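The values are calculated or read from the model by the stated rules, or taken from the named source; none is laboratory data. If you're wondering where the values come from, they're calculated on a predicted model, not measured in any experiment. Note that we place each Cβ from the backbone using ideal geometry, even for glycine, and neighbour counts take in every protein chain shown.
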Amino acid sequence: MERANLQLAQLVEAKLQDCSLVESELSQANFQGANLYRCTLNRANLSRANLTAVNLQEAFLIQTFLARTNLTGANLTGANLTRADWSSTILTGTVLTGATLPDGTEYVAIEC
């Protein structure tokens with residue numbers, strides 16, 4: 001389903017594992033609690049989307065627009081966010097273990 005227009009869509013708790021939403025318009029969509037495990041979302045627009053408690057483990061978010069997106073409590077373990085724009089994104093409680101960050105570095109948690 002590449003280049004889909006799902007702007008403002010209500011996809012609460014949707015089961016979309018292994019999907020491809022490359023270059024899709026997903027701004028302001030509500031994915032709260034959805035399973036997007038191993039999804040490919042490269043170059044998608046997820047600005048102002050609700051991704052609270054979403055499973056994005058091993059997802060591809062290369063060059064994805066995530067500005068002002070709510071990722072509270074989301075799991076991005078092993079996700080690839082290379083060159084993604086996550087300016088003003090809410091990351092409270094987000095799991096980033098092993099994720100590739102927008103600058104190409106791997107996230108490493110520091111325990112105190």
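Structural remarks
- Top-ranked residue in the stretch 75-112 [being in a loop (DSSP other than H, G, I, E, B) and of a type in the set (Asp, Glu); ranked as surrounded by the most Cβ atoms within 10 Å (Cβ to Cβ)]: Asp103
- Here the condition is being surrounded by fewer than 21 Cβ atoms within 10 Å (Cβ to Cβ) and more than 20 Å from Ala109 (Cβ to Cβ); of Ala4, Ala53, Ala44, it holds for Ala4 alone.
- Odd one out for Ser47 among (1) farther than 17 Å from Leu6 by Cα; (2) modelled with pLDDT of 95 or more: (1)
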